[in-house]
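Worksheet: the structure to be examined is printed underneath.
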Amino acid sequence: MLVLGGLVALLAGLSDAFLFGRNARASTNTTSVPYKDAFDAVESANLSHSYNVIAQVHLQNFEFKYDSIPGRRQLGLLASPSLKDLLQDGIHVYAERHVFTQDKRKVTMQNFHAVDKDALFMHNVGATQVLIRRAAEVQMALRSLASEGHLETEASAVLVEQRKIAEAGVKHVELEIEKAKVQGMEDRLSLDVKKENELAVADKQHALHTERIQYEDIQRRAQNKEL
């Protein structure tokens with residue numbers, strides 16, 4: 001056991017020494033640059049394009065004839081010239097690609113179209129961001145509509161209250177008019193009664209005056225007879 005442990009330690013030391021020596025030789029030709037200086041022409045991606053790409057790609061179920069697992073159905077994108085027109089940075093075309101059949105025969109596939117899953121994933125990220133932004137805009141629009149509806153409800157309540165007040169005012173005016181009509185009729189009746197009373201008094205006074213004149217005339221005639 002001690003011999004085995006010493007052998008392992010020796011091999012580990014030789015491995016470290018080999019790696020150190022290799023790194024030392026490689027470091028003589030290495031240039032150090034900051035991470036941020038490793039990229040040029042950096043610009044924001046066209047997320048609308050990514051959304052259109054994800055919206056138009058067609059997922060398919062298929063069986064690969066030369067699959068290592070017979071009869072296995074897979075889900076994915078089958079690269080094609082039409083898909084390359086849509087997903088330009090996500091389709092790589094190889095003049096030849098070698099695969100092996102289940103009986104170990106080598107098959108050369110010509111003009112092989114391969115989907116770059118990293119590019120497809122990034123387009124999916126962009127499309128997801130577009131959907132998130134649109135969902136946020138829809139939420140804002142819904143909140144705005146709800147707020148407008150609330151304001152319209154409040155405005156309707158105010159209008160209803162104002163209408164009730166106006167209707168009450170009209171009713172009050174109608175009652176005042178009706179009251180004035182009744183009062184006018186009562187005043188007219190009072191005037192008619194007063195006028196009738198005045199006429200009756202005048203007639204009575206006229207009758208008394210006529211009787212007095214007649215009495216005086218009779219008295220005068222009686223005196224004249226006595227003379």
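The values are calculated or read from the model by the stated rules, or taken from the named source; none is laboratory data. This is a predicted model, so every value here is computed, not measured. Positions of Cβ are generated from backbone atoms using ideal geometry, with glycine treated the same way; all protein chains shown enter the neighbour counts.
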Q) Of the residues ARG134, ARG163, which single one is closer than 30 Å to LEU47 by Cα and within 57 Å of the chain's Cα centre (by Cα)? A) ARG134
Q | Selected residue (only one of ALA119, ALA135 is surrounded by 14 or more Cβ atoms within 10 Å (Cβ to Cβ) and either of a type in the set (Gly, Ala, Ser) or out of contact with any helix residue (DSSP H, G or I) (no Cβ under 9 Å at 6 or more places or on another chain) (or both)) | A | ALA119
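For (1) at pLDDT 85 or above; (2) within 23 Å of SER44 (Cβ to Cβ); (3) surrounded by 11 or more Cβ atoms within 10 Å (Cβ to Cβ), each residue gets a yes or a no:
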| residue | (1), (2), (3) |
| --- | --- |
| HIS123 | yes, yes, yes |
| THR128 | yes, yes, yes |
| GLN139 | yes, no, no |
| LEU151 | no, no, no |
| GLU154 | no, no, no |
| GLY169 | no, no, no |
Q) So is ASP40 among the acidic types (Asp, Glu), free of Cβ contacts under 8 Å to residues at least 24 places away in the same chain and not in a strand (DSSP E or B) or not? A) yes
(Q) Give me the residue from region 96-116 that is surrounded by 13 or more Cβ atoms within 10 Å (Cβ to Cβ) and charged (D, E, K, R) and, out of that set, farthest from the chain's Cα centre (by Cα). (A) ARG97
